[in-house]
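Asker: Here it is, the structure in full.
Every number in this text was worked out from the coordinates using simple rules, so none of it is lab data. If you're wondering where the values come from, they're calculated on a predicted model, not measured in any experiment. Note: ideal-geometry Cβ built from the backbone for every residue, glycine included; neighbour counts use all protein chains shown.
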Amino acid sequence: MSGNAFFGVFAKSPIKPIEEHITKVHEASATLMDFFQHVFKKEWQQAEQVRLQIRTLERQADVMKRDIRIQLPRGLFLPVERTDLLELITQQDKIANKAKDIAGRIIGREMDIPSEIQDDFLIYLSRCIDATKQASNAINELDELLETGFRGREVILVEKMLVELDAIEQDTDEMQIKLRRQLREIEGEMNPIDAMFLYKIIEWVGDLADIAERVGARLELMLAR
Amino acid sequence: MDFIASYGTMLVLIAAAVGFFMAYGIGANDVANAMGTSVGSKALTIKQAIIIAMIFEFAGAYLAGGEVTSTIRKGIIDASYFTATPDIFVLGMISALFAAGAWLLIASALGWPVSTTHSIIGAIIGFALVAVGTDAVTWSKVGGIVGSWIVTPMLSGIIAYFIFMSSQRLIFDTAEPLKNAKRFVPIYMGLAGFVMSLVTITKGLKHIGIHMGTTEGILLSVAIAVVVAIIGKIVIQRLKYDPKADKEMQFNNVEKVFGVLMILTAACMAFAHGSNDVANAIGPLAAVVGIVANDGVIGAKSELVWWILPLGGIGIVIGLATLGKNVMKTIGEGITHLTPSRGFAAELAAASTVVIASGTGMPISTTQTLVGAVLGVGMARGIGALNLGVIRNIVVSWVITLPIGAFLAIAIFFILRTIFGI
């Protein structure tokens, strides 16, 4: 006997899983703080442990991403565009990938970050992680947005959060310029290849904030419809 | 008239047994649909849902089930064509019951969401077509009924949309959602109480011998609504709220308030379901009993025999208590993607639509109406995800149920005729 044929009408909502996914990818990016602490002290073994943590988080996020995609087949009636949700999850996932790449590259080359820029680098990194945190906060408003039918005050609240996210991203841009200038002053004393890669790392850390902003932009588009 | 005279008691017993079985099937299967929204949104435990369903299904069947029963009993086919052959009419009604019951059994086993209403009406039309011909079917009435199957889901969808939007405007999209929830939820409760009591008072009470004028009925309904609202307010004030569970918008606690409201709308839903669907099981039975009691004379203005509505009500309750429990359990473990504020909008809209249809004697499908209401809330962007494919399957199974019900009734009708030799 089955009376639940009717209850097949209710599909699994993608909202909570998307929130859990961004929380996971943010965790991956936030773990970079810990990672660089060890890198600065050249504690390569501990750093490797933390890198493995980040890789695990990235893999978990990958699995979550796949699950969400599978549960979003065509023929669902959603409060927002299905394509928007799929794009959002793709962007979110890139944060974890980037964190993994950064840690992997540093470990692979056992890169030394010159002590002159360590402090500023850490502030810069922490600001970029602020951006992923802010993106995570905004995405975690999705269930509240669903409660309010994606309209009204809650939308305004989320839009404010996204303005804040943009501001953080701009901060990181300026910090990046400053950091590169500092690096340029000391690059002569460095192994040229190391210097090249350090520029690359600075860029990638900035990418964390860029992707976070793109996640926010996706959310904004979703709300604009 | 020998046939009726000699087999009368036996025919009534057969019809009562099959009617009871149908009611049992409705209780086992359909009630879960009506109550599932409350269980699925975790506003009610399974045990609570079953107790509420038992009380209000029975109350709905007994107090407000009469109108639809009389439609099925004498509205769909023109009984004057059977004046000379009441035996055919009686056998036909029994065939219709058998056919609808059998089809429900098959469909349930296969997991298809068929409508009991569609089955029984298809079956009655089927036997009338072969017994007399197209003339015997009151096509205007049937047209109205089939039309209502399209209109009622749309109507309940529209009502659900507006109830949901009103709750958004009054509660969710405000500076203090919790405060407004405490203020407005009792009003929704009063509204639910008003619709239910109005239909019961104006349409149901005459079966138990109480007659009341329209004005008195409305006044009494308003009084009941006020009482319901006050009780609701007291319950809501006594709730424990957890200020820590909340972010800026207080929605967790707001949903708690709606959880209280959902207990009431679940009761309404059970009441509405009982009032409309009991007729599917006992309408044909009532027809059989009416003829046998009048010694085969059709058309005599007969009141509904007193024991028929309670029989249907008890059948539903027993079905629910035995098999329905399991169905409810699977639902309770299944969906959680529905918060009480959404479930309430869907249930209140569906319950109001169904109970009004019951009042006007329209046999409609409760599940269909509920699907319409759920879609209405979905249109207002209130539900995480709905499966359009499943909705399409439901619609298809409804459409094919009519001819299948008719076909089965025809087959069983011929078998019974052969057995009884008429």
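Asker: With everything on Cα atoms, drop me the angle between helix A:44-70 and the longest principal axis of chain A, reported from 0 to 90° to the nearest 10.
Answerer: It is inclined by approximately 20 degrees.
Asker: While we're looking at this one, here's another question. Pick out, from A:VAL80, A:VAL215, B:THR9, the residue whose Cα sits farthest towards the positive end of the charge dipole of the protein assembly as shown, with +1 on the Cβ of Lys and Arg and -1 on the Cβ of Asp and Glu.
Answerer: Checking the options against the dipole of the protein assembly as shown, the answer is B:THR9.
Asker: What is the order of A:MET111, B:MET54, fewest Cβ neighbours within 10 Å to most?
Answerer: Working: A:MET111 14, B:MET54 21.
By the 10 Å Cβ count, ascending, the order reads A:MET111, B:MET54.
Asker: Lysines near B:LYS141 by alpha-carbon distance under 18 Å, same-chain residues fewer than 8 away left out - which ones?
Answerer: B:LYS74
Asker: Can you pull the Rg over Rh of the protein assembly as shown, Cα-only, Kirkwood?
Answerer: Numbers: Rg = 32.0 Å, Rh = 27.7 Å.
Across the protein assembly as shown, the Cα-based Rg/Rh ratio is 1.15.
Asker: Calculate the all-directions average of the projected area of the range A:1-149's alpha-carbon convex hull, and give it in nm². Provide the component values of the computation, followed by the final result.
Answerer: Details: hull surface 44.8 nm².
Projected over every direction and averaged, the Cα hull of the range A:1-149 covers 11.2 nm².
Asker: Moving to a separate point now. If the reach is capped at under 15 angstrom between alpha carbons, list the aspartates and glutamates near A:LYS160, excluding any in the same chain fewer than eight residues apart.
Answerer: Partners found: A:GLU141, A:GLU144, A:GLU169, A:GLU213, A:GLU220, B:GLU248.
Asker: Which residue, B:VAL289, B:HIS273, B:ASN252, has the largest displacement toward the positive end of the dipole of the range B:250-329 when charges sit on each Cβ (Lys, Arg +1; Asp, Glu -1)?
Answerer: Of the listed residues, the answer is B:ASN252.
Asker: Residue by residue through the range A:76-81, which ³J(HN,Hα) values in whole Hz follow from phi under the Karplus form 6.51 cos²θ - 1.76 cosθ + 1.60 (θ = phi - 60°), with glycine and proline marked x?
Answerer: Each residue of the range A:76-81 in turn: 9, 9, 10, x, 10, 5 Hz.
Asker: Using the Cα centre of the range A:11-224 as origin and beta-carbon charges of +1 (Lys, Arg) and -1 (Asp, Glu), tell me which of A:ILE123, A:VAL39, A:ALA96 is placed farthest towards the positive end of the dipole.
Answerer: Positive-end residue among those listed: A:ALA96.
Asker: Size of the dipole of the range A:165-207 about the Cα centre, Lys and Arg at +1 and Asp and Glu at -1 on the beta carbon, nothing else charged, in debye to 20?
Answerer: Numbers: 5 positive and 11 negative charges, 41 e Å.
Roughly 200 debye, rounded to the nearest 20.
Asker: Taking a 27 Å limit on the Cα-Cα distance, which of the listed pairs B:LYS233/B:LYS329; A:LYS16/B:LYS325; B:LYS240/B:LYS325; A:LYS12/B:LYS182; A:LYS41/A:LYS100; A:LYS133/B:LYS42 fall beyond it?
Answerer: Numbers: B:LYS233/B:LYS329 30 Å; A:LYS16/B:LYS325 29 Å; B:LYS240/B:LYS325 29 Å; A:LYS12/B:LYS182 30 Å; A:LYS41/A:LYS100 20 Å; A:LYS133/B:LYS42 32 Å.
Going by Cα-Cα distance, B:LYS233/B:LYS329; A:LYS16/B:LYS325; B:LYS240/B:LYS325; A:LYS12/B:LYS182; A:LYS133/B:LYS42 fall outside the 27 Å limit.
Asker: Using a Förster radius of 22 Å, what is the FRET efficiency between A:LEU221 and A:ILE156 based on their Cβ-Cβ separation? Nearest 0.05, please. Mind showing how you got there, number by number?
Answerer: On the way: r = 16 Å, r/R0 = 0.74.
After rounding, the FRET efficiency stands at 0.85.
Asker: Which shape class applies to the range B:342-422: rounded if a/c is under 1.5, otherwise prolate when a/b exceeds b/c and oblate if not, where a ≥ b ≥ c are the square roots of the Cα gyration tensor eigenvalues? It would help to have the intermediate numbers written out before the result.
Answerer: Working: a/c = 5.21, a/b = 2.11, b/c = 2.47.
It comes out oblate by the Cα gyration axes.
Asker: Can you list the trypsin sites (Lys or Arg not before Pro) in the range A:71-150 that are in a DSSP coil and have 15 or fewer other beta carbons within 10 angstrom? Kindly include the intermediate steps, with their values, before the conclusion.
Answerer: On the way: sites: A:ARG74, A:ARG82, A:LYS94, A:LYS98, A:LYS100, A:ARG105, A:ARG109, A:ARG127, A:LYS133; in loops: A:ARG74.
In loop regions of the range A:71-150 (DSSP not H, G, I, E or B), the sparsely surrounded trypsin sites (Lys or Arg not before Pro) are A:ARG74.
Asker: With the radius of gyration and the Kirkwood radius both derived from the Cα set of chain B, what is their ratio Rg to Rh?
Answerer: Numbers: Rg = 22.0 Å, Rh = 21.8 Å.
On the Cα set of chain B, Rg over Rh gives 1.01.
Asker: Hey, another quick one. Taking beta carbons within 10 Å but only from partner chains, what does the mean come to for residues B:371-384?
Answerer: On the way: counts 2, 0, 0, 4, 2, 0, 1, 5, 3, 4, 9, 6, 9, 15.
Per residue, the number of nearby Cβ atoms from other chains is 4 on average.
Asker: Can you give the longest stretch of chain B with no exposed loop site, where a site means GluC sites (Glu not before Pro) in a DSSP loop (not H, G, I, E or B) with at most 12 other C-beta atoms within 10 Å? Provide the component values of the computation, followed by the final result.
Answerer: On the way: sites that count: B:GLU248, B:GLU303.
Within chain B, the longest run free of exposed GluC sites (Glu not before Pro) spans B:1-247.
Asker: For each of A:GLU169, A:GLU19, count neighbouring Cβ atoms within 10 Å of the residue's Cβ, then give the residues from fewest to most. Each step should come with its number before you reach the end.
Answerer: Numbers: A:GLU169 24, A:GLU19 16.
Listed from fewest to most nearby Cβ atoms, that is A:GLU19, A:GLU169.
Asker: Ratio to report: Rg/Rh of the range B:1-100, with Cα atoms as the point set and Rh obtained by the Kirkwood method; give two decimals.
Answerer: Numbers: Rg = 17.8 Å, Rh = 16.0 Å.
We get a ratio of 1.11 for the range B:1-100.
Asker: What is the angle, in °, between the Cα long axis of helix A:115-139 and the longest principal axis of the Cα atoms in chain A? Nearest 10 is fine, range 0 to 90.
Answerer: That helix lies at roughly 0 degrees to the long axis.
Asker: Per residue of the range B:50-58, in order, report the coupling 6.51 cos²θ - 1.76 cosθ + 1.60 (Karplus, θ = phi - 60°) as ³J(HN,Hα) in whole Hz, putting x for Gly and Pro.
Answerer: 5, 5, 4, 4, 4, 5, 7, 4, 5
Asker: Still on this structure, please answer the following. Please average, across the residues of B:169-177, the number of beta carbons from any other chain that are within 10 Å of each residue's own beta carbon, and give a whole number. All intermediate terms of the calculation are to be shown ahead of the outcome.
Answerer: Details: counts 1, 0, 1, 8, 9, 2, 1, 0, 4.
If you average over the peptide's residues, the count of other-chain Cβ atoms is 3.
Asker: Take every residue in peptide A:149-155, count the Cβ atoms of other chains within 10 Å of its Cβ, and give the average of those counts.
Answerer: Mean partner-chain Cβ count within 10 Å for A:149-155: 6.
Asker: Also, quick follow-up: Treating the angle as unsigned and between 0 and 90°, give the value, to the nearest 10°, between the Cα long axis of helix B:177-199 and the longest Cα principal axis of chain B.
Answerer: So the helix axis and the longest Cα principal axis differ by about 20 degrees.
Asker: Could you give the radius of gyration (one decimal) and Dmax (whole number) of the Cα atoms in the range B:100-174, in Å?
Answerer: Over the range B:100-174's Cα set, Rg and Dmax evaluate to 18.9, 63 Å.
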